[in-house]
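Okay, structure first, notes after.
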Amino acid sequence: MADTADFIDLRSDTVTKPSAEMRDAARDAEVGDDVYRDDPTVNELERRAAAAVGTEAAIYVPSGTMANQIAIHVHTEPGQELLLERESHVYRWELAGASKLSGVQTRTIDAGERCVPTPEAVAEGLVEEDLHRPGTGLLSLENTHNFRGGTAIPIGEIAAAAETARDAAVPVHLDGARVFNAAVALGVDASEIVAPVDSVTFCLSKGLGAPVGSILAGDEEFVEAARRVRKLFGGGMRQVGMIAAPGLLALENVDRLADDHANAERLAAGLDALDGVAAPEPDTNIVVARTEAAGLPAGDLVDACDDAGVGGVEFDDYTTRFTTHLDVDDTDVDDAIERIGHAVTELSN
Ligand SMILES: *Cc1c(COP(=O)(O)O)cnc(C)c1O
């Protein structure tokens, strides 16, 4: 990353730095040994997090990846199949954790442009246990969909896919790392998105701005089981109120995600106007810029943007992702458009 004071870091919404208020809250947090359930700050965070997604219970974990992997471990038996969409984070970016940590076999669904499987696609992917076949242990869905550019999947589509699995007695997990972005974009309560599934992951450390941590939520029985698996995976932590306290403040940042969405829309419009760049209007805070028409590889664009003072990430050969967040405002977005424009012009010459 270029070392300039005014670098506009749009690599991810994970790059936000904790606010002064969060740092104060961390310092002043009441703490205890959370493995003994003695940390009042964590207990409060888990209560408030469960309420935020409308589940009976929730557990605080170090990362979204761990939350997803714990969910898979709790819901499945080794040798079963995990049914999931082929562009999903769990399948693409979690180091084959499902097979390594839980011994499941993955079966992928090609869910097309929006990456939300239809009930028919789910039905086709479900495997019934018999003498030769292992049986499906879990369906995993994602909302917002990261790789598709933060698409907010409507409640009905998640519900229809989930219902098909649950009708076959297969539980459903939602990777809702950015589920509040989906809720804000759809104008619904997150609990409505979560209602049709058995468990949900969400990240405190992305758009909500906490320095560390994610939540795994579900019913009491599920969360009790998750507590044991978290320990198994090495995620049982002690005076963790120090990092949970900023998480409590992060839960208050839900409504302001609308600002990130407005900034992303502004950014996409600015980039789409550049020659050779296609940046469709985003649903939420993730902008994908496609530069295939200009023959401009994403890796080259990312390097040139870095030199120009803007951070982005390579998503695919010709796809670059830029993400808006708490630490960038509309002026930063305008500056970013100008800098990315220079980078594109320079590369095209
Ligand atoms: C970021 C992300 C995760 C993983 O979260 P980490 O805290 O980075 O481990 C999981 N799923 C999706 C969709 C994500 O965007």
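The values are calculated or read from the model by the stated rules, or taken from the named source; none is laboratory data. What you see is a predicted model; the values in this text were computed from it and never measured. Cβ atoms come from the backbone with ideal geometry, glycine included; neighbour counts cover every protein chain shown. The protein model used for the area step is the full one, side chains on, heavy atoms only, and it has no ligands, DNA or RNA in it. Shrake-Rupley method; radii C 1.70, N 1.55, O 1.52, S 1.80 Å.
Descriptive notes on the structure:
- Flag: residue 57 does not match the condition of being open to solvent by less than 10 Å² (accessible area, probe 1.4 Å) and either on the phi < 0 side of the Ramachandran plot or modelled with pLDDT under 95 (or both).
- Residue list for the range 7-24, filter: part of a helix (DSSP H, G or I), open to solvent by less than 50 Å² (accessible area, probe 1.4 Å) and under 22 Å from residue 216 (Cβ atoms): 13, 22
Table: residues versus (1) in contact with a Leu (Cβ under 6 Å, 6 or more places away or on another chain); (2) under 14 Å from residue 333 (Cα atoms).
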position: 244; (1), (2): yes, no
position: 258; (1), (2): no, no
position: 265; (1), (2): no, yes
position: 282; (1), (2): no, no
position: 286; (1), (2): no, yes
position: 289; (1), (2): yes, no
position: 298; (1), (2): no, no
position: 305; (1), (2): no, yes
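- If the condition is being open to solvent by 40 Å² or more (accessible area, probe 1.4 Å) and in a helix (DSSP H, G or I), then the range 226-235 contributes 228, 231, 232.
Per-residue answers, yes or no, for (1) open to solvent by 40 Å² or more (accessible area, probe 1.4 Å); (2) small (Gly, Ala, Ser):
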{"residue": "260", "(1), (2)": "no, no"}
{"residue": "265", "(1), (2)": "yes, no"}
{"residue": "276", "(1), (2)": "no, yes"}
{"residue": "280", "(1), (2)": "yes, no"}
{"residue": "301", "(1), (2)": "no, no"}
{"residue": "310", "(1), (2)": "no, no"}
{"residue": "323", "(1), (2)": "no, no"}
{"residue": "329", "(1), (2)": "yes, no"}
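- Residues being within 29 Å of residue 149 (Cα to Cα) and among the basic types (Lys, Arg) - total across the range 12-32: 1
- Matching residues, the range 69-87, being buried (at least 24 other Cβ atoms within 10 Å of the Cβ), within 14 Å of the ligand (Cβ to nearest atom) and not in a strand (DSSP E or B): 69, 70, 71, 72
- Counting residues in the range 100-114 that are in contact with a Lys or Arg (Cβ under 7 Å, 6 or more places away or on another chain), of a type outside the set (Ser, Thr, Tyr), assigned to a loop (DSSP other than H, G, I, E, B) and away from the ligand (no atom under 14 Å from the Cβ) gives one or more.
- Residues of the range 238-254 include none that is free of Cβ contacts under 8 Å to residues at least 60 places away in the same chain, open to solvent by less than 40 Å² (accessible area, probe 1.4 Å) and not aliphatic (A, V, I, L, M).
- Restricting the range 54-68 to residues that are within 12 Å of the ligand (Cβ to nearest atom) and part of a loop (DSSP other than H, G, I, E, B) leaves a set whose member that is nearest to the chain's Cα centre (by Cα) is 63.
- Scanning the range 158-212 for residues that are charged (D, E, K, R) and under 18 Å from the mean Cα position of the chain (by Cα), we see that the one that is nearest to residue 117 (Cα to Cα) is 175.
- If the condition is being open to solvent by 10 Å² or more (accessible area, probe 1.4 Å), assigned to a helix (DSSP H, G or I) and either among the small types (Gly, Ala, Ser) or within 21 Å of residue 65 (Cα to Cα) (or both), then the range 180-210 contributes 180, 185, 191.
- Subset tally (residues that are polar (S, T, N, Q) and over 22 Å from residue 5 (Cβ atoms)) for the range 290-349: 6
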